[in-house]
Amino acid sequence: MVASSLTNFPNFLAYFIVAGFLTALFLTVYTRITPHREIALIREGNVAAAIALNGGLLGFMIPLASVIAHSASLVDLAVWGVIAMIVQLGGFLIARLLMPHLPQAVSDGRVSDAAFLAGLSVSLGLVSAACMVG
């Protein structure tokens, strides 16, 4: 019984590894394009930075999870994962254009601005996930 339950383990492992790589890539790119240094700010106890980064991460992971559940191949996962990344990065850049003070506000610990950014990121992730399944 256990052996038959583990027949999909290689697929699980392959998807998990690709998803982990895409997530690491997203976090690397996201933290490089934002002018504030999220990880350093979080280590200093900046709640706003944690909220903003977690919103971006969730906004990326929601469509990624949807793609994993509905994809036909690892290539689908990689392609749609990159698209989800582009949507999140684009969302941040547009938010920054509309609210130029946003990065400084997050650095200053303003939770209201971070909550807006996190909400925008999660909203983009939900819409992206819905669009990706057709």
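With (1) in contact with a Ser or Thr (Cβ under 9 Å, 6 or more places away or on another chain); (2) without any contact (Cβ under 8 Å) to a residue 40 or more places away in the chain as the list, and residue 84 as the residue in question, which single condition is left unmet? Tallying (1) in contact with a Ser or Thr (Cβ under 9 Å, 6 or more places away or on another chain); (2) without any contact (Cβ under 8 Å) to a residue 40 or more places away in the chain, residue 84 fails exactly one: (2).
Residue count for segment 87-115 satisfying the condition of being within 21 Å of residue 29 (Cβ to Cβ), crowded, with 16+ Cβ neighbours inside 10 Å and touching a residue at least 12 places away in the same chain (Cβ under 8 Å): 11.
If the condition is being of a type in the set (Ser, Thr, Tyr) and either at pLDDT below 95 or out of contact with any Lys or Arg (no Cβ under 8 Å at 6 or more places or on another chain) (or both), then segment 10-42 contributes 15, 23, 28, 30, 34. Of the set (1) within 28 Å of residue 110 (Cα to Cα); (2) touching a residue at least 24 places away in the same chain (Cβ under 8 Å); (3) of a type in the set (A, V, I, L, M, F, W, C), all apply to residue 42 but (2). Among the residues that make up segment 74-85, is at least one of them over 23 Å from residue 131 (Cβ atoms) and charged (D, E, K, R)? No: zero hits.
Restricting attention to segment 51-75, which residues are buried (at least 18 other Cβ atoms within 10 Å of the Cβ) and farther than 18 Å from residue 86 by Cα? Hits for segment 51-75 are 51, 71. If the condition is being in contact (Cβ under 8 Å) with a residue 40 or more places away in the chain and either farther than 13 Å from residue 81 by Cβ or exposed (fewer than 10 other Cβ atoms within 10 Å of the Cβ) (or both), then segment 1-28 contributes only 14. For residue 66, the stated conditions do not hold, so it cannot be described as touching a Phe, Trp or Tyr at 6+ places or on another chain (Cβ under 8 Å), over 17 Å from residue 116 (Cα atoms) and of a type in the set (Gly, Ala, Ser).
The values are calculated or read from the model by the stated rules, or taken from the named source; none is laboratory data. These numbers come from a predicted model, not from an experiment. Glycine also receives a Cβ, built like all others from the backbone with ideal geometry; neighbour counts cover every protein chain displayed.
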